[in-house]
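The values are calculated or read from the model by the stated rules, or taken from the named source; none is laboratory data. The model shown is predicted, which means the values in this text are computed figures rather than measured ones. Cβ: placed from backbone, ideal geometry, glycine included. Neighbour counts: every protein chain shown. Remember, those area values only see protein heavy atoms, side chains included, never the ligands or the DNA or RNA. Shrake-Rupley method; radii C 1.70, N 1.55, O 1.52, S 1.80 Å.
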Amino acid sequence: MAGSERSSGFGRALIAVYAVLALAATGRSFVQIVRAFEEAPLAYTLSAVSALVYIVATVALLRKGEVWKRIAQFAIGFELVGVIVVGTLSLVVPQLFAHPSVWSWFGMGYLFVPLVLPVVGLWWIHKGSRKEVAREA
C-alpha cells in the first residue's frame, strides 16, 4: 500500500468510511455499555470489539510501511470474519443478541456497510501490493 495509493480519491474515501464507522461504533458501544450492559452483554461487548477493530484498521490504513499493512490486513480480515460469524449467529441463534451489535444481521443497522467494507478494504490493500511489486520489478 504505497503512499500514493493512500492519497488517491478512493483510498481517502475508504479510510474516511473506516473513520466514520470507528466513531459510530465507539459511540454506540459506549452508550450501550454505560446504559444497559446487563441487558445484552454479548451484543454490547461485540459492539466495543467492532469499534476497536475499526479504530485499528483506520490507523493502520493511514500509516506507511509493511508492518502497518499487515496490521491493516489482520484487522480487516478479523472484521470480515466477525461480520460473517456474528451475522450468521444473529440469524440462527437470535436469543444471543437481545439487542443488536454493529455486526448483527451482517451490519444491517449500518446499511450492510460492515459486510461490504472489509471485502473492499482487503481488495484495496491487495491491489496496492500488486502495484508495489510491479514497480519493484
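What is the residue count in the stretch 103-117 for residues that are within 11 Å of the chain's Cα centre (by Cα), among the hydrophobic types (A, V, I, L, M, F, W, C) and part of a helix (DSSP H, G or I)?
Count: 4.
In the set HIS99, HIS126, which member is in contact with an Asp or Glu (Cβ under 8 Å, 6 or more places away or on another chain) and exposed (fewer than 15 other Cβ atoms within 10 Å of the Cβ)?
Answer to the check: HIS99.
Six or more apart or on different chains, Cβ under 7 Å: which pairs go from a residue in the stretch 1-26 that's assigned to a helix (DSSP H, G or I) to one that's of a type in the set (D, E, K, R) and modelled with pLDDT of 90 or more? Could you list them?
What qualifies is GLY3/LYS64.
Just a yes or no: is a residue in the stretch 33-44 in contact with a helix residue (DSSP H, G or I) (Cβ under 7 Å, 6 or more places away or on another chain), among the aromatic types (Phe, Trp, Tyr) and free of Cβ contacts under 8 Å to residues at least 12 places away in the same chain?
yes
Check the stretch 70-80 and report whether any residue there is within 15 Å of the chain's Cα centre (by Cα), open to solvent by 20 Å² or more (accessible area, probe 1.4 Å), within 21 Å of VAL17 (Cα to Cα) and charged (D, E, K, R).
For the stretch 70-80, residues within 15 Å of the chain's Cα centre (by Cα), open to solvent by 20 Å² or more (accessible area, probe 1.4 Å), within 21 Å of VAL17 (Cα to Cα) and charged (D, E, K, R): present.
Suppose the filter is surrounded by 19 or more Cβ atoms within 10 Å (Cβ to Cβ), more than 10 Å from the chain's Cα centre (by Cα) and under 16 Å from LYS127 (Cβ atoms); does GLY11 pass it?
Criteria met by GLY11.
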